[in-house]
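The values are calculated or read from the model by the stated rules, or taken from the named source; none is laboratory data. Small disclaimer: the values here were computed from a predicted structure and weren't measured. Note: ideal-geometry Cβ built from the backbone for every residue, glycine included; neighbour counts use all protein chains shown. We work out accessible area using only protein heavy atoms, side chains counted, and drop any ligands, DNA or RNA first. Shrake-Rupley method; radii C 1.70, N 1.55, O 1.52, S 1.80 Å.
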Amino acid sequence: MIITLILAFLKIGFLGFGGGYAMLSLIYAESAHLGLSAAQFADLNALDGLIPGPIAINSATYIGQLTAGFSGALAATLTVCVPSLVIVPLYLHFEHRIKNNWGLSAILRGIKPASAGLVLAVAVTLALTTIGGVDTLGQIAKAQLNWANLLVLVIVLLMDAKWHLNPVFSILIAGLIGGVWYYLV
Amino acid sequence: MNKDWQLFKVYLMAGTFTFSGGMAMLPVIERELCQKRQLLPRDELYEYTTLSQTFPGVIALTNACFVGEKVNGKSGMLAAGLGAILPAFVLMLAATIGYQHVPQSGVFLSIMSAIRAASAAFLFSAAYGLARYNLKDPLSLAIAVGCLLATLFNLLSAPTLIILAGVIGLISARPRKEQS
């Protein structure tokens with residue numbers, strides 16, 4: 001399991017261009033391979049909002065801990081750090097030759113729009129799971145609407161767009177709606 | 001005071017008090033390293049910040065490694081890097097262990113389920129943020145829509161799509177470079 005984790009996070013690290021949210025689609029894909037459910041991934045994303053630190057580090061710790069306990073958490077977290085530890089000394093060593101390298105920025109120009117599409121896909125998948133109770137677009141006919149969750153999603157989206165609220169508040173409000181709904185409906 | 005210890009302390013502090021993503025560390029780093037301790041000129045910090053974003057991996061960590069290496073060589077790099085990830089690791093580990101003990105039934109399930117909906121909303125905002133700054137021409141739009149559909153209909157995996165997109169970026173940039 002540890003080896004599988006290390007391979008997964010090497011892939012996430014070296015293909016993870018563009019920072020935390022751009023890496024989330026990779027993290028989602030790998031976490032599914034490692035056996036995590038969409039709900040567990042959604043919980044990870046909520047914890048990312050509550051706990052300080054880079055998203056990739058938080059995700060590695062969470063996924064490692066859920067799949068293989070403390071040693072898994074440690075291995076996954078250290079693995080996701082490998083690209084930085086390799087790239088920084090290499091770059092500083094060959095700085096004069098790499099500077100103004102058009103190749104890297106060209107690759108980024110392709111990957112950044114890709115990550116926008118990929119994150120949207122993860123968002124749609126999570127929305128299907130939480131609001132419809134189905135995991136893929138193909139099952140949408142079987143979906144059963146969860147009104148409380150639809151309400152939460154719309155409220156959080158609107159608040160985020162309007163006031164850029166701290167995720168901690170959004171999560172508190174979501175939890176409150178979920179709790180109250182349970183006793184009212 | 002030892003430079004490694006100072007780097008470690010500054011990054012540990014910045015990592016502990018900054019939420020949602022590593023880039024939020026930057027103002028703290030600037031205040032502590034550039035202004036108070038004068039270990040690094042401010043323009044160099046920002047140069048490394050821009051540079052870190054072009055590489056794969058954890059951007060905040062890459063940035064910390066650059067700064068650490070510049071201030072005090074290899075040991076500085078490790079000190080800053082360790083300081084940058086340690087709070088995230090320890091706090092997330094504690095949170096995950098706590099999370100594993102939350103009952104998945106009754107009112108707890110209802111609360112967790114609502115929080116998952118909020119989590120989906122965060123991702124819609126994140127996708128909007130990425131789209132707003134990166135989808136400015138027809139090619140980027142096509143790449144984004146292609147990735148969205150290929151993922152939703154389970155045609156290609158995220159790693160494959162990212163490699164493909166990088167290759168498309170390379171190919172499309174080539175002629176432009178020759179012209180200039």
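Some notes on this structure:
- Between 0 and 90°, nearest 10: helix A:102-127 axis offset from chain A longest Cα axis: 20 degrees
- Rounded to the nearest 100, the interface formed by chains B and A buries 7900 square angstrom of accessible surface, both chains summed, with a 1.4 Å probe.
- Most positive-pole-ward Cα, B:V145, B:L39, A:G72, against dipole of the protein assembly as shown from beta carbon charges: B:L39
- C-alpha long axis of helix A:2-15 to longest principal axis of chain A, angle in °: 80 degrees
- Rounded if a/c under 1.5, otherwise prolate or oblate - chain A, Cα gyration tensor axes: prolate
- Taking the Cα centre of the protein assembly as shown as reference, the dipole from Cβ charges on Lys and Arg (+1) and Asp and Glu (-1) amounts to some 540 debye.
- Build a GNM of chain B with springs between Cα atoms under 10 Å apart, and of B:S125, B:S75, B:S157 the one that fluctuates most is B:S157.
- Largest first, the three principal axis extents of the alpha carbons in region B:91-175 are 59, 28, 22 Å in whole numbers.
- Approximating the spin labels as points 7 Å out from Cα along Cα→Cβ, the B:F108-to-B:L156 distance works out to 4.2 nm.
- Residues with amide H under 5 Å from that of B:V58, placed H, sequence gap 5 or more: A:S84
- For the residues B:V90, B:V71, a 1.4 Å probe over the protein chains yields an accessible-area ranking, largest first, of B:V90, B:V71.
- Rounded to the nearest 0.05, the FRET efficiency derived from the C-beta distance between A:L90 and A:V180 at R0 = 45 Å is 0.25.
- For region A:2-145, the relative contact order works out to 27 percent when only alpha carbon pairs closer than 8 Å and six or more residues apart are counted.
- Cα-based Rg of the protein assembly as shown normalised by 2.2 N^0.38 Å, two decimals: 0.99
- Dipole axis of chain A (+1 Lys, Arg; -1 Asp, Glu on Cβ), positive-most option in A:G49, A:H164, A:G13: A:G13
- Distance-filtered residues of region A:1-38 - backbone nitrogen under 16 Å, label point 7 angstrom along A:Q139 Cα→Cβ: A:32-33, A:35-38
- Take B:E47: with every protein chain present and a 1.4 Å probe, its accessible area is about 90 Å².
- Accessible area ranking (1.4 Å probe, heavy atoms, ligands and nucleic acids excluded), largest first, for B:T62, B:T16, A:T125: B:T16, A:T125, B:T62.
- Here the protein assembly as shown has 67 percent of its accessible surface on carbon and sulfur atoms, given a 1.4 Å probe and all protein chains in place.
- When both region A:168-185 and region B:51-93 are represented by their alpha-carbon centers, they are found 37 Å apart.
- When the charge dipole of the protein assembly as shown is built from unit charges on Cβ atoms (+1 for Lys and Arg, -1 for Asp and Glu) and taken about the Cα centre, the candidate among B:L61, A:W181, B:A121 whose Cα reaches farthest toward its positive end is B:L61.
- Test item: A:170-178 mean partner chain Cβ contacts at 10 Å: 6
- Using θ = phi - 60° in the Karplus curve 6.51 cos²θ - 1.76 cosθ + 1.60, the 3J(HN,Hα) couplings for region B:80-92 round to 5, x, 5, x, 6, 9, 4, x, 4, 5, 5, 5, 5 Hz; x is entered for Gly and Pro.
- Only protein heavy atoms count here; on that basis, with a 1.4 Å probe, A:W181 has an accessible area of about 90 Å².
- Debye, to nearest 20: dipole size of region A:2-145, +1 on Lys, Arg Cβ, -1 on Asp, Glu Cβ: 400 debye
- For chain B, the 222 nm mean residue ellipticity estimated from helices alone, with every DSSP H stretch of n ≥ 4 adding -39500 (n - 2.57) and the total spread over all residues, rounds to -26500 deg cm²/dmol.
- Ranking A:K162, A:K112 from most to least accessible surface, computed with a 1.4 Å probe over the protein chains only, gives A:K162, A:K112.
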